[in-house]
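Notes to accompany the following structure.
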Amino acid sequence: MLTTLRNSLVWFRRQSEDGLDGTHAEPSSVRSTVKGVPMTPTGPVTDWATDFDVMDPHYLSDPFSIWDVLRPTCPIPHTNRRKSSWMPLRYDDVTAIAHDVEHFSSLKVAVIPGDEDQDPNANFDGPNLEYGLPPISSDPPLHTWTRRLLLPWFSHKRVETYVPLTRDLCRTLLDGFADKGCADAAADYAQQIPVRVIAHILGVPAELADTFTGWVRDVLEFADDAERRQHGAEGLLNFFLKQLEERRQRPGDDLLSELLRTEVDGHRIDDGIVLGMAALVLIAGVDTTWSAIGSSLWHLATHPDDRRRLVREPELMPGAVEELLRAYSPVTMARVVTEDIDYAGCPMKKGDKVLMNFPAANRDPAAFDHPELVQLDRAQNRHVAFGSGIHRCAGSNLARMELQVALEEWLGRIPEFSVAEDREITWAGGQVRGPRSLSVVFA
Ligand code: HEM
């Protein structure tokens, strides 16, 4: 069992080295090595079709115009930076690949690859990747039953019970700055919400939420700083290891206790799997939703007509949430090619990465009328912000609820606000895109 836990930790570190979010504290041109493996130098991009870089500063701030130029002529650009990777931009390609789990495995889901990705024969079922963070980093059969265990925790019915807690939380946060006339909508508000809701679901005291946020940020946003990254990964996993022991002694009615109680085929679930699932819930549920709330507030701060319409017509809110998720989808996930395959004329090799660009698919004019426009009452909106196929987001009900409540509470208290002109907006990108600082002033 200890070996298993250690393996999970190693896997987690490696994924961290991959950079699950990828916000880089240092300029991309000074990237050096990961565990001694030289990384491809990353100078400025001169050809987005053959040498794209999702960490390019221009791509971080405005990926949309790059997709629009590429999509008609080169809908699946390629790069050899870091690792041979393909990036489908069309809705049909992204959804087709998401459904083809035989050729496109989820065992390496990090968008910015790490050292194990350098070896095309490094394996999908090697001991270090035995469990990973199921179900997101697994293929069937492990994927199937671990996903099934998580789903009830995020059902419509269950999510409804988290509404009062979320609303109270938003109100308390707003109380902290509403009278000041300004705030950082990303750091003071968006970032604070999902981590506390997840802490509740995991049965962890809310006072630890800031510590969690610190660990998740260390792992996801400062992935270039090896020491900080390791600090975050170890903090998270050591914390959950202790929690497992405590829940074994004093079980509660939270997700961790339930996973420890559960039997699959007559056996208790291996601790390494429980650990991976708990870490996933925290990681998947925090950065993603905070990014979506932040991007939505950025849109409302910069589009007064939409903001005022939403205040005037609150019944538009559920559709507006879908539209904001479509237009500013935060999450890109990777797949790894399991055997040499020609996909739509692209000679993909075993071990290549495919970046599942759900955000670009949601801006494809072949799938959405005027995708560049945010239409709060868009009638047809089959967006894939939550993915597509067997890995479709298990927490989408929770994410929608948090986004809706966060926007309702903000607009109820601060209906008039705009971006502070003298302050820079910074965007995280790579795996999860969203604003990390967003200074706004209230009218
Ligand atoms: C706006 C917020 C969110 C967005 C945009 C989002 C997006 C996604 C996407 C695109 C995937 C598919 C990954 C893939 O295809 O490889 C995914 C999977 C997943 N998400 Fe979310 N997510 C959000 C919030 C959440 C929340 C709040 C939770 C709850 C803890 C959560 C839990 C999960 C889990 C467990 C999976 C893995 C499902 C599987 O592999 O079967 N997500 N999410």
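Observations on the structure shown:
- When only alpha carbons of segment 196-320 are considered, Rg and Dmax amount to 18.7, 58 Å.
- Net dipole in debye of segment 242-388 [+1 Lys, Arg Cβ; -1 Asp, Glu Cβ; about Cα centre; nearest 20]: 280 debye
- Calculated log₁₀ intensity ratio I(q)/I(0) where the Debye formula runs over C-alpha points of segment 364-443, q = 0.17, 0.19, 0.25 Å⁻¹: -1.10, -1.28, -1.28
- The phi-based Karplus calculation (6.51 cos²θ - 1.76 cosθ + 1.60; θ = phi - 60°) puts the 3J(HN,Hα) values of segment 357-363 at 7, 4, x, 6, 4, 6, 10 Hz, whole numbers, x for Gly and Pro.
- In Hz, Karplus ³J(HN,Hα) per residue of segment 399-416 (6.51, -1.76, 1.60; θ = phi - 60°; x = Gly, Pro): 4, 4, 4, 4, 5, 5, 5, 4, 6, 4, 5, 4, 5, x, 9, 10, x, 10
- Taking other Cβ atoms within 10 Å as a rough exposure proxy, ILE198, ILE341 sort from fewest to most as ILE341, ILE198.
- Estimated dipole of segment 229-314 in Debye, rounded to 20 [Cβ of Lys and Arg +1, of Asp and Glu -1, Cα centre]: 380 debye
- Interchain or long-range residues, amide H under 5 Å from VAL264's placed H: ILE269
- Residues whose amide H falls under 5 Å from that of SER437, counting only those 5 or more places apart or on a different chain, are THR426, with hydrogens built in the peptide plane.
- Calculated from backbone phi, Karplus (6.51, -1.76, 1.60) coupling profile of segment 82-89 in Hz, x at Gly/Pro: 6, 5, 4, 9, 10, 9, x, 10
- Charged-residue dipole, Cβ positions (Lys, Arg, Asp, Glu), segment 153-290 about Cα centre, Debye nearest 20: 400 debye
- Percent breakdown of C-alpha pair distances by 10 Å bin, ordered from the shortest bin, for segment 139-210: 16, 39, 28, 13, 4, 0
- With an a/c value of 1.5 or above and a/b larger than b/c for the gyration tensor axes a ≥ b ≥ c computed over the alpha-carbon atoms, segment 303-400 is described as prolate.
- Amide proton proximity set for CYS182, modelled H, under 5 Å, gap of 5+: PHE442
- Burial ordering of SER388, SER106, fewest other beta-carbon atoms within 10 Å first: SER388, SER106
Since every read-out is calculated from the coordinates, none of them should be taken as a lab result. Computed from a predicted model, the values in this text were never measured in an experiment. Ideal geometry is used to build each Cβ from the backbone, glycine not excepted, and the neighbour counts take in all protein chains shown.
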